[in-house]
Amino acid sequence: MHRFLLLSASALALSACAVGPDHLAPLPPAAANGPFVSAQDPAVATPAPVQGDWWRLYDDPVLDGLVADALTANTDIRVAVARIARARAALREVRADRAPKLGAGASADYGRLPAGQRAPGAPPEDWQVDVGLDVAYEVDLFGRAARGVEAARGDLAASEADADAVRVAIAAETARAYFDAASAAERLEVAERIVALLDKSIVLTGRRQEVGLATRLDTARIGALRNQRQAEVPALRAERQAALFRLATLTGRTPQDLPAEAGRRTSSLRLSQPIPVGDGAALLARRPDVRAAERRLAAASARIGVATADLYPRITLGGSAGSSGAGFDDIFGGGPLRWLVGGLLNWTVNQGPARARIQAAEADSQAALATFDGAVLRAIEETETALSNYARALDRRTALQAARNDAEAAVTITRARQREGQIDSLELLDAERTFADAEAQLAAADGAIGAAQIDLFRALGGGWGR
């Protein structure tokens, strides 16, 4: 007995040895840690740290409330949270598998024993009762269980990062839906103003036709232009409604339950300050998809150890105690007691399947490493692309703003000439229509800037670390 206990203690002391590779987080390319190539213009971006709740930069309480609702009630986030709970349960299961296994059993049979098998004086018919308690513990000598726990921890961390990635996407999509609804409302207002101006042009042209100063062709051309612009109005209304419906779904509501204030804004949101973007090192540490890929790589590395441990013997220590007798009184009254302790060594001689599993685990680890490298490159690409698109959207708006200012100046001059009698009202309406077209293009440019900003914030990975 003393020797058995000494052997058990020695085996437990050796159980800290775990086979298989220890995970080391891979290093991204050195260039990926530096400043962004497309963030050179200080009017566009600043290297200041990224703000997690970036939507607050717009200083719009309605947007703040909608994003908060989405992060609480969105169904995709609820699915991601449930997957975290499942990963936690899997980790608890693996941890529990390392604990000693305790089992209890009992049986009772009633019957007749032959005379030769009965004790003297025992009745011919009686209960045969047996109770027992078993305990077994597998000594994790080569770290199979420890690596399993390590892999489960990696899976849990990856599922948590996946949930963060869903939060990033939901915050961005909620802001985009709100932006789209406001931009569509602004462009709808401009489109209706253009239609109203064309209606005036049709009336004036009709009067000129009556006195011989215009032809039927002139009236038909203006009428065709008016109907073309009128056709844009229903499409913009549908676009606005679709954005509001999408906003309701993102915030976990039906369209009927969406707050009225969500659709009251009729102008695009403005962000006049440069966007804080940080640098590549901060980006890779913050992006949830990069963190998830690194944790999956850690889990894959740990599973190499799980597979490698199958090359070595498994040692199980155990013991049992029990009692059996004829009738319940014999059991509970101190009947014959049995007990034993011992160990079991199980070693598979045919190691071909185990080595095949090791090779499969190593291949999975290589695939996980490639996935991590791809996530790093994709994070840099998406951020650089979003920065470039945002900068070009700002340039385009600058040019359209200049065109709008010129059109406004042309309207002012035309009005002055019309008051002096140098031109007729139709030329003034043409100038006003050109001005309205310039405003429509500027409104569309503002919507494009909002979309580019959201794309940039989403690429930066903000919105989960609140």
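The values are calculated or read from the model by the stated rules, or taken from the named source; none is laboratory data. Bear in mind that the values here come from a model prediction, so they are computed numbers and not experimental data. So basically every Cβ, Gly included, is an ideal-geometry build from the backbone, and we count neighbours across all protein chains shown.
Of the candidates Ala106, Ala87, Ala70, the single residue that is in a strand (DSSP E or B) and surrounded by 11 or more Cβ atoms within 10 Å (Cβ to Cβ) is Ala106. Go over the candidates Phe179, Phe142 one by one and state the one that is surrounded by 23 or more Cβ atoms within 10 Å (Cβ to Cβ) and touching a Pro at 6+ places or on another chain (Cβ under 9 Å). Going through Phe179, Phe142 in turn, the sole match is Phe142. Among the candidates Ala438, Ala410, Ala416, Ala444, the residue that is more than 28 Å from the chain's Cα centre (by Cα), on the phi < 0 side of the Ramachandran plot and touching a residue at least 60 places away in the same chain (Cβ under 8 Å) is uniquely Ala444.
Glu261 fulfils the conditions (1) surrounded by 14 or more Cβ atoms within 10 Å (Cβ to Cβ); (2) assigned to a helix (DSSP H, G or I); (3) under 31 Å from the mean Cα position of the chain (by Cα) except for a single criterion, (1).
Tell me, please, whether a residue that is farther than 21 Å from Arg287 by Cα, at pLDDT 90 or above and either more than 22 Å from the chain's Cα centre (by Cα) or surrounded by fewer than 18 Cβ atoms within 10 Å (Cβ to Cβ) (or both) can be found in segment 5-18. No, there is no match, as no residue in segment 5-18 is farther than 21 Å from Arg287 by Cα, at pLDDT 90 or above and either more than 22 Å from the chain's Cα centre (by Cα) or surrounded by fewer than 18 Cβ atoms within 10 Å (Cβ to Cβ) (or both).
This table checks each residue for (1) modelled with pLDDT of 95 or more; (2) part of a loop (DSSP other than H, G, I, E, B); (3) not basic (Lys, Arg).
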site	(1), (2), (3)
Thr174	yes, no, yes
Ala191	no, no, yes
Arg207	no, no, no
Gly212	no, yes, yes
Ile222	no, no, yes
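Cβ separations smaller than 9 Å between residues 6+ apart or across chains give the following pairs from segment 351-366 residues that are of a type outside the set (D, E, K, R) to residues that are surrounded by fewer than 17 Cβ atoms within 10 Å (Cβ to Cβ) and not in a helix (DSSP H, G or I): Gln351/Leu311; Ala354/Leu311; Ala354/Thr348; Ile358/Leu311; Ser365/Pro21.
In segment 342-360, the qualifying residues are those that are of a type outside the set (S, T, N, Q) and at pLDDT below 85, and the one that is surrounded by the fewest Cβ atoms within 10 Å (Cβ to Cβ) is Val349. When we screen Gly278, Gly263, Gly352 for residues that are on the phi > 0 side of the Ramachandran plot and of a type outside the set (A, V, I, L, M, F, W, C), the only hit is Gly278. A single entry from Arg98, Arg112, Arg92 fulfils the requirement of being over 30 Å from Arg338 (Cα atoms) and either under 32 Å from the mean Cα position of the chain (by Cα) or among the basic types (Lys, Arg) (or both): Arg92. Residues in segment 227-236 that are in contact with a helix residue (DSSP H, G or I) (Cβ under 8 Å, 6 or more places away or on another chain) and closer than 15 Å to Ala443 by Cβ: Arg229, Glu232, Val233, Leu236. When Gly206 is tested against (1) at negative phi; (2) in contact (Cβ under 8 Å) with a residue 24 or more places away in the chain, only condition (2) is not met. For segment 396-439, taking the residues that are within 30 Å of Leu456 (Cβ to Cβ) and of a type in the set (S, T, N, Q), the one that is surrounded by the fewest Cβ atoms within 10 Å (Cβ to Cβ) is identified as Thr398. Count, please, the residues in segment 182-219 that happen to be buried (at least 19 other Cβ atoms within 10 Å of the Cβ), of a type in the set (S, T, N, Q) and more than 17 Å from Ala445 (Cβ to Cβ). Qualifying residue count for the region: 2.
Please tell me if Ala393 is surrounded by 15 or more Cβ atoms within 10 Å (Cβ to Cβ), under 19 Å from the mean Cα position of the chain (by Cα) and in a helix (DSSP H, G or I). No, not satisfied. Just to be sure, is Leu369 surrounded by fewer than 14 Cβ atoms within 10 Å (Cβ to Cβ) and among the aliphatic types (A, V, I, L, M)? It is false that Leu369 is surrounded by fewer than 14 Cβ atoms within 10 Å (Cβ to Cβ) and among the aliphatic types (A, V, I, L, M). Phe245 meets all of the listed conditions (1) at pLDDT 95 or above; (2) surrounded by 21 or more Cβ atoms within 10 Å (Cβ to Cβ) but one, namely (2). Could you please let me know if Gly334 is modelled with pLDDT under 80 and not acidic (Asp, Glu)? So Gly334 fits the description; yes. The combined condition, being closer than 21 Å to Phe457 by Cα, more than 25 Å from the chain's Cα centre (by Cα), not aromatic (Phe, Trp, Tyr) and not in a helix (DSSP H, G or I), is fulfilled by Ala39.
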